[in-house]
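Engineer: One structure coming up, written as structure tokens, with questions to follow.
The values are calculated or read from the model by the stated rules, or taken from the named source; none is laboratory data. Source: prediction; values computed, not measured. Here the Cβ positions follow ideal geometry from the backbone for every residue, glycine too, while neighbour counts run over all protein chains shown. In case anyone asks, the SASA skips ligands and DNA or RNA and just uses the protein heavy atoms, side chains included. Shrake-Rupley method; radii C 1.70, N 1.55, O 1.52, S 1.80 Å.
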Amino acid sequence: MKPLTIIAYTGAAVGLAALGVTMAKTNPSQVEYEEYAVQRLTKYLKTDVCKKTTNVIENLIRFNCDKLVDSASPQIQEVIARTTERQDYVIFSVYRTDLKINSWIPSYKFETVGAFDQFYTYTAEKQSGKK
């Protein structure tokens, strides 16, 4: 092999190793995912549930809906922790959350990848009530 080729391969190997080490160090934990999921769910509840009520009783409840959602944050995190499975691949993690609270509230399935201290939810779908 030519010296230039050897240098190129060595540089590529060192670069890939550095990327792998960086990814491993910035692979978010389960607790970080739970905090992320609570923030996303809280935002959804406040914008899509609390603000979109139409009937008179719901309008009365809506008055304190945001405060109710904020006060339920620890319970929301417990539910997310119970219903999430993490697959840790060292350099990134995949989180699968099957959020089902009770038979009256629709269940949801979320799939999220965590890498570089960030999360990207690539699946968020409402599950049908029948299985």
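Engineer: Looking at the range 1-31 only, could you name the residues that are of a type in the set (Val, Ile, Thr) and either in contact with a strand residue (DSSP E or B) (Cβ under 7 Å, 6 or more places away or on another chain) or closer than 30 Å to THR97 by Cα (or both)? Explain how you work it out, then say what you get.
Structural biologist: First, pick out the residues of the range 1-31 that are of a type in the set (Val, Ile, Thr): 5-7, 10, 14, 21-22, 26, 31.
Those that are of a type in the set (Val, Ile, Thr) and either in contact with a strand residue (DSSP E or B) (Cβ under 7 Å, 6 or more places away or on another chain) or closer than 30 Å to THR97 by Cα (or both): VAL21, THR22, THR26, VAL31.
Engineer: So, of the residues in the range 90-110 that are modelled with pLDDT of 95 or more and not hydrophobic (A, V, I, L, M, F, W, C), which turns out to be farthest from GLU32 (Cα to Cα)?
Structural biologist: Looking at residues that are modelled with pLDDT of 95 or more and not hydrophobic (A, V, I, L, M, F, W, C), I get ARG96.
Engineer: If you don't mind, there's one more thing I want to ask. What residue, among those in the range 45-60 that are modelled with pLDDT under 75 and in contact with a helix residue (DSSP H, G or I) (Cβ under 8 Å, 6 or more places away or on another chain), is least open to solvent (accessible area, probe 1.4 Å)?
Structural biologist: So, considering only residues that are modelled with pLDDT under 75 and in contact with a helix residue (DSSP H, G or I) (Cβ under 8 Å, 6 or more places away or on another chain), the one least open to solvent (accessible area, probe 1.4 Å) is CYS50.
Engineer: Restricting to the range 23-40, and then to whatever is under 11 Å from VAL90 (Cα atoms) and touching a residue at least 40 places away in the same chain (Cβ under 8 Å), can you tell me which residue is least open to solvent (accessible area, probe 1.4 Å)? Can you show your working first?
Structural biologist: Going residue by residue through the range 23-40, those that are under 11 Å from VAL90 (Cα atoms) are 23-29.
Next, from what is left, pick out any that are touching a residue at least 40 places away in the same chain (Cβ under 8 Å): 23-24, 26-28.
Working: MET23: 31, ALA24: 41, THR26: 27, ASN27: 24, PRO28: 1 Å².
Per the criteria, the residue is PRO28.
Engineer: Which is at pLDDT 85 or above and more than 25 Å from GLN118 (Cβ to Cβ), of ALA37, ALA18, ALA13? Give the derivation first.
Structural biologist: On the way: ALA37 fails: more than 25 Å from GLN118 (Cβ to Cβ); ALA18 fails: more than 25 Å from GLN118 (Cβ to Cβ).
Selected residue: ALA13, the only one of ALA37, ALA18, ALA13 that is at pLDDT 85 or above and more than 25 Å from GLN118 (Cβ to Cβ).
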